[in-house]
1. If I ask for residues that are assigned to a loop (DSSP other than H, G, I, E, B) and within 17 Å of L143 (Cβ to Cβ), which ones from the stretch 344-364 would you list?
2. Do we find that P22 is free of Cβ contacts under 8 Å to residues at least 60 places away in the same chain and either within 25 Å of T240 (Cα to Cα) or open to solvent by less than 30 Å² (accessible area, probe 1.4 Å) (or both) in this structure?
3. With respect to the numbered conditions (1) in contact (Cβ under 8 Å) with a residue 60 or more places away in the chain; (2) open to solvent by less than 20 Å² (accessible area, probe 1.4 Å), which one is the sole condition not fulfilled by V42?
4. Could you count how many residues in the stretch 227-250 are part of a strand (DSSP E or B) and not hydroxyl-bearing (S, T, Y)?
5. Out of all the residues in the stretch 1-28, which are among the hydrophobic types (A, V, I, L, M, F, W, C), under 21 Å from G103 (Cβ atoms) and either assigned to a strand (DSSP E or B) or touching an Asp or Glu at 6+ places or on another chain (Cβ under 8 Å) (or both)?
6. In this structure, does F231 turn out to be open to solvent by less than 70 Å² (accessible area, probe 1.4 Å), over 17 Å from the mean Cα position of the chain (by Cα) and within 20 Å of G171 (Cα to Cα)?
7. Confirm whether I243 is more than 23 Å from I373 (Cα to Cα) and among the β-branched types (V, I, T).
8. Take the stretch 285-296 and flag every residue that is assigned to a loop (DSSP other than H, G, I, E, B) and surrounded by fewer than 16 Cβ atoms within 10 Å (Cβ to Cβ).
Amino acid sequence: MRFSITREVLQQGLGATASAVPTRAALPVLSNILIQAEDDAVRLSGTDMSIFVSLEVPAEVSEPGVVALPARQLLEISRVLDDAPVKFSAVDAQASGSGTGVGIECGRSKFMLYGQAPDEFPDFPEVDFATGWEMSAGDLQTLIERTSFAVSTEDSRPILNGILWQLHGGGTVMVATNGHRLAKMQQELGDGGAAAEADLIIPPKALNQVQKLYPSDAVLQIARSDNHLAFRSVDREVFTSLIEGPYPNFEQVIPKDNDKSATVNRAALETAVRRVAVMADDPTKRVRLSFTEGDLNFKVQTPDLGEAEDTLSLDYEGEDIEIGFNATYLLEVLRHMPDEDVHITFKAPERAATFSPASGEPDYLCLVMPLRILD
C-alpha cells in the first residue's frame, strides 16, 4: 500500500470516522480505523459494532492495499503535521512482532504505526439499498434536530433511549421522549418516499453521525434489514443497529382537549425563564407560571435561598391558571422552536402542556409534563 493525501483531507476524514470508534474497545481491532487504498481514493472505516461509519476521501494512490491502524494515534498525528502532503506506505513490521506496519511522512516528520491484520476488522452489515428509499439529508437532519434533545438518558426504560422513526406511505414521523417531555415532528417524503411502512427505534448516537457526516444538500439512500438501518450518499455510509421492542403509544399522552391557549414571543419567554431559574436551586428547577389575561407571571421560591419574579405580556385565552414546570425542560423546548412566536396549550395544573410554532409550520409539537406547585 502506498498513497499520498493532503493533511486537511486526512484530518477531516479521520475525525469523522474516529467518532464511531469506542473509547474502550471490547475487541482490540475495534480501536483501529480500517484504511483501504484503491484507484484515486482512500476509504476510512470505523465501528463499535453498534454503529459503522465509512467514508471515501480523495488521494493519490500509487499502490493499492488495506490496513487497520490505531485510531487515536492516527488522529493525533494528523493534528500535529505541517500543512503538506502526507505519504503512507506499508512496510515489513515482522521485527516488531506485528505483521502490519505503515510509515507516515509529512515534510521532515516521520512516524511508524503498527496495526492489526485487516481481515480481523468486522464486516459491515448487509443491507439491500435496492429496497430502500431516498430522502434529503437536510430534511432528515431537521427531524433529528427538532426531536433528539427529548430522548431519555436513563437506563430504567431502555426503549426510551432510542428515537422512534415511523414511515408510512409518503410521510414520516420522528418522536423522542423521556417520559417527562416529548418532541414530535412529521414531514412528507415526496416521490422518493418509503416503499413500505416501518417503525424504527434508532440510537441517538447514530442519528448524530448522520447530522455531522452529511452535507444538508446530499441525497441519502436509506435502507433497512431486520436488525440494521443504513444511510448512504456518494462517498459515505452510516450503519446502525436498531433497538428492539415496542415503543410506547405516544399519541395517547398528547392531550386533545386542552382548552386554554397562549401565544408568546419565544425569545422573550426563554429569557424570562432563564432569568428566574437562577433562583431555582432544587433538582427539579421548578418554575411557577401564572397565566392571566394579557400577562404571564413567573415566580420561583427556594427555601433558605430566596425568590425571583418576572412578568411578560402575551395573548391568552382561558381562565386564570397557575402551572409549574421544570425550567430545564422548558428551555430545551423553546430553544428548538423554529418560529419567533410559540403557541402553548394546557387544561389544568396537573395535565400536560403542548408547545408548537405559532404559525403551525412545520408540523411540530413538544409536550412537557407539569410539576406540582408547592405552596
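1. Listed by number, the residues that qualify are E361, P362, D363.
2. Details: free of Cβ contacts under 8 Å to residues at least 60 places away in the same chain: yes; either within 25 Å of T240 (Cα to Cα) or open to solvent by less than 30 Å² (accessible area, probe 1.4 Å) (or both): yes.
Answer is yes for this residue.
3. Against the list (1) in contact (Cβ under 8 Å) with a residue 60 or more places away in the chain; (2) open to solvent by less than 20 Å² (accessible area, probe 1.4 Å), V42 comes up short only on (1).
4. Filtering the stretch 227-250 for residues part of a strand (DSSP E or B) gives 228-232, 236-241.
Cutting the leftovers down to not hydroxyl-bearing (S, T, Y) gives us 228-232, 236-239.
Selection size over the stretch 227-250: 9.
5. Correct list: M1, F3, I5.
6. no
7. On the way: more than 23 Å from I373 (Cα to Cα): yes; among the β-branched types (V, I, T): yes.
Yes; evaluated as a whole, the condition is true for this residue.
8. Result: E293, G294.
The values are calculated or read from the model by the stated rules, or taken from the named source; none is laboratory data. Since this is a predicted model, take the numbers as computed values, not measurements. Note: ideal-geometry Cβ built from the backbone for every residue, glycine included; neighbour counts use all protein chains shown. Side chains are part of the model used for accessible areas, which takes the heavy atoms of the whole protein and leaves out ligands, DNA and RNA. Shrake-Rupley method; radii C 1.70, N 1.55, O 1.52, S 1.80 Å.
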